[in-house]
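**Q** Structure below; questions to follow.
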Amino acid sequence: MADFHKADIEKLIDGVLPWPATQDMLKSPKDTNRFDKYVEIMQDRVDFDDPILLPLTPHLFIVASKKEGRIVKCKCGHSFGDYRINWKLSALINVRDDEKSMSEIYRGREMPDPAWIQLREYICGGCGAQLEVEAVPRGCPPDFDFLPDLDTFYGQWLGRPLPDKVAFEDKTLEHVKEWSE
């Protein structure tokens, strides 16, 4: 089994690892501590001390916060709240739903029909980073991209259970229901 150096994994993350080395890394069986190396690299790159439990994107992480429990945090440290609630509901959202705003991105026949499609740009309220873009039909709720079962992942896959057990459930609808109360 291959055992790649942390420096090579960093180069892979940054997109500067030479192509032959990238192919070698991708084709090789994963080293048993690759996840830990990746998390360690990402932890060194964020502006907070809460331990990263799972990277979601290059900018978003599920962390173990002493104050808030398991939450989604941006690289800058901005909290989006409970990881079981779609983080997009706590983001700043720029909606492009007319020809004028879409023409800033698309030209001519490339542009989707604004009568049918919205472009939603999700932005961090802390640092202003664009975190994700969705092209969705009008009226479609924000897509909840990924809800991991962290207790199963850590306990059964990594063999080191997390110290606190949290119910694995999507709490987004409960959160939205609170808005009407």
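**Q** Averaging over all projection directions, find the projected area of the Cα convex hull of segment 90-137 and quote it in nm² with one decimal place. Walk me through the numbers before you get to the answer.
**A** Values: hull surface 13.9 nm².
If you wrap the Cα atoms of segment 90-137 in a convex hull and average its projections, you get 3.5 nm².
**Q** Could you calculate, for the chain, the ratio of the Cα radius of gyration to the Kirkwood radius, expressed as Rg to Rh?
**A** Rounded to two decimals, Rg/Rh equals 1.02.
**Q** Oh, and also: Among Leu53, Leu17, Leu131, which one moves the most in a GNM of the chain with springs linking Cα atoms closer than 10 Å?
**A** Result for the chain, Cα springs under 10 Å: Leu17 fluctuates most.
**Q** Moving to a separate point now. Under the rule a/c < 1.5 gives rounded, and otherwise a/b versus b/c splits prolate from oblate, where does segment 1-45 land using the Cα gyration tensor?
**A** Oblate, because a/c is 1.5 or more while a/b does not exceed b/c.
**Q** Could I ask something else about it? Ranked from highest to lowest mean number of other Cβ atoms within 10 Å per residue, what is the order of the peptides 116-124, 94-102?
**A** 116-124, 94-102
**Q** Same structure, new question: Place the peptides 6-15, 105-114, 56-65 in order of packing, highest mean first, counting for every residue the other Cβ atoms within 10 Å and averaging per peptide.
**A** The densest-packed peptide leads the list: 56-65, 6-15, 105-114.
**Q** Treating cross-link reach as a plain straight distance, find the lysines whose alpha-carbon is under 20 Å from the alpha-carbon of Lys67, omitting any fewer than eight places away in the same chain.
**A** Partners within reach: Lys75, Lys165, Lys171.
Values in this text are rule-based calculations from the coordinates and carry no lab data. Fair warning: this is a prediction, and the values are worked out from it, not measured in the lab. All Cβ positions, glycine included, derive from the backbone under ideal geometry; neighbour counts span all protein chains shown.
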